[in-house]
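Everything on this sheet refers to the single structure shown next.
The values are calculated or read from the model by the stated rules, or taken from the named source; none is laboratory data. Note that the structure is predicted; figures quoted are calculated from it, not measured. Here Cβ is always computed from backbone atoms with ideal geometry, including for glycine, and neighbour counts include all displayed protein chains.
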Amino acid sequence: MLKMSHLKIAAVLGFSATLSACGATSQSTSASSSSPVSTAPIDVTVGSPSCAQCLAMSLLGNVDPNLHVTYEQFANAPDATTAVAAGKVDVAQIVYTGLVSAASTGLPIVAISGEVNGGSDLMVGPDVNVKPSDWTALKHLVTSDAAAGHKFTIASYFGTVQDIELRLELPLKGIPLNEVNIVNVPYPAMGAALESGSVSAAAEVQPFAAYILQNHLGKHFAYPYDQPAGDLTNVVVVSKSFLSSNPKAVNEIASAMSKLIPYLHTPRGEKAYATAVEKYDNQPASVVNAALKTVSPDVLMPFNKIQAIASAMYKDGLISSPVTSSSLKSMVDYHPLEVATGKSSSALGS
């Protein structure tokens with residue numbers, strides 16, 4: 001089962017603090033209610049960053065003969081977001097922190113499907129003596145370090161989904177954020193920081209986590225999914241103008257997403273997925289296969305979890321003003337997925 005892989009992928013899954021929504025109803029701008037019917041393939045340009053989770057989008061054309069897909073790779077999620085908002089690509093995979101940031105600034109994009117979640121790993125340095133998921137021991141270590149006059153230091157890429165997960169998870173485990181020192185470190189540099197001891201822990205993402213483990217630069221501690229945002233990571237978006245002017249294409253894209261997710265769980269789909277990650281990320285099969293086991297493909301877009309991300313982003317100063325529920329709802333349209341799956345918007349957003 002899929003649950004995803006290198007030091008070449010810079011900020012692929014998340015946004016920085018400067019750049020870094022699922023409504024319970026589908027009354028925002030909607031695509032046509034008729035099922036997608038195509039007599040000739042619809043040309044669409046699909047964009048995503050080059051991370052392991054993101055590269056599932058490169059397979060969209062594999063599952064739907066009604067789509068003729070041209071795939072374009074971006075260095076990071078902000079670039080992919082900008083491209084879809086500007087109409088340079090028709091559809092893009094971004095991260096939920098980017099969607100919330102767009103809601104806070106009025107960027108004209110809208111989410112039409114979930115994509116691949118998970119891929120986060122809270123890691124500790126090789127010399128940190130705590131067992132996996134032993135939060136009591138970690139809390140004791142944090143308290144001891146604070147009493148000794150040096151706070152327990154955690155690397156986190158500010159403004160990313162993993163950064164939000166960390167800031168929501170620690171207090172739930174009895175570790176106040178003011179008792180640790182969270183420092184801004186890009187994903188590719190976390191392995192070296194753990195190995196050197198300059199940080200004691202890291203909020204890492206795939207494929208870097210798999211690379212760190214296989215090269216003994218750090219150790220797995222926990223998957224930070226107990227907090228209110230769960231394991232939400234990636235979301236599929238189009239521009240609002242594309243949504244309104246190309247309802248047939250949007251419905252077909254949603255239909256393809258509803259086929260892509262189960263395809264990724266098949267032996268054939270897993271092989272195609274791994275091949276794509278190896279191709280675009282230039283990663284060895286061992287790292288790719290380990291990374292893919294930690295990700296969770298899913299089309300659902302749970303609104304309460306998106307709200308949790310938005311609240312945390314405002315609380316931590318990553319957006320300048322709170323995002324209202326109505327603003328978030330305007331950034332998500334469940335209708336194309338309703339047509340594709342036959343499920344209600346409440347089921348798709350719960």
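In a strand (DSSP E or B), in contact with a helix residue (DSSP H, G or I) (Cβ under 7 Å, 6 or more places away or on another chain) and surrounded by 20 or more Cβ atoms within 10 Å (Cβ to Cβ): which single residue out of 237, 323 fits that description? Spell out the reasoning first.
On the way: 323 fails: in a strand (DSSP E or B).
Unique residue meeting the criteria: 237.
Looking at region 78-93, is at least one residue in a strand (DSSP E or B), in contact with a Ser or Thr (Cβ under 8 Å, 6 or more places away or on another chain) and of a type in the set (D, E, K, R)?
As a first pass, look at region 78-93 and keep what is in a strand (DSSP E or B): 91-93.
Filter once more, so that each one left must be in contact with a Ser or Thr (Cβ under 8 Å, 6 or more places away or on another chain): 91-93.
If we keep only those that are of a type in the set (D, E, K, R) as well, we get none.
Taking every residue of region 78-93 in turn, none turns out to be in a strand (DSSP E or B), in contact with a Ser or Thr (Cβ under 8 Å, 6 or more places away or on another chain) and of a type in the set (D, E, K, R).
So if I check each of 13, 59, 55, which one is under 19 Å from the mean Cα position of the chain (by Cα) and at pLDDT below 90?
Of the residues listed, the single one that is under 19 Å from the mean Cα position of the chain (by Cα) and at pLDDT below 90 is 13.
If a residue has to be out of contact with any strand residue (DSSP E or B) (no Cβ under 6 Å at 6 or more places or on another chain), outside any loop (DSSP other than H, G, I, E, B) and farther than 18 Å from residue 118 by Cβ to count, how many in region 45-72 make the cut?
Selection size over region 45-72: 1.
Name every residue in region 65-104 that is farther than 19 Å from residue 163 by Cβ and of a type in the set (Ser, Thr, Tyr), in order of residue number.
70, 71, 82
Which residue out of 160, 105 is assigned by TED's automatic domain parsing to the domain that holds residue 341 and modelled with pLDDT under 95?
Only one candidate qualifies: 105.
Take region 112-145 and flag every residue that is outside any loop (DSSP other than H, G, I, E, B) and within 28 Å of residue 303 (Cβ to Cβ).
Answer for region 112-145, where residues must be outside any loop (DSSP other than H, G, I, E, B) and within 28 Å of residue 303 (Cβ to Cβ): 112, 113, 114, 116, 117, 118, 120, 121, 122.
Are any residues in region 259-287 among the hydrophobic types (A, V, I, L, M, F, W, C), more than 19 Å from residue 337 (Cβ to Cβ) and within 17 Å of the chain's Cα centre (by Cα), and if so, which ones?
Scanning region 259-287 gives a single hit, 277.
Is one or more of the residues making up region 241-260 in contact with a Gly (Cβ under 9 Å, 6 or more places away or on another chain) and outside any helix (DSSP H, G or I)?
Within region 241-260, none of the residues are in contact with a Gly (Cβ under 9 Å, 6 or more places away or on another chain) and outside any helix (DSSP H, G or I).
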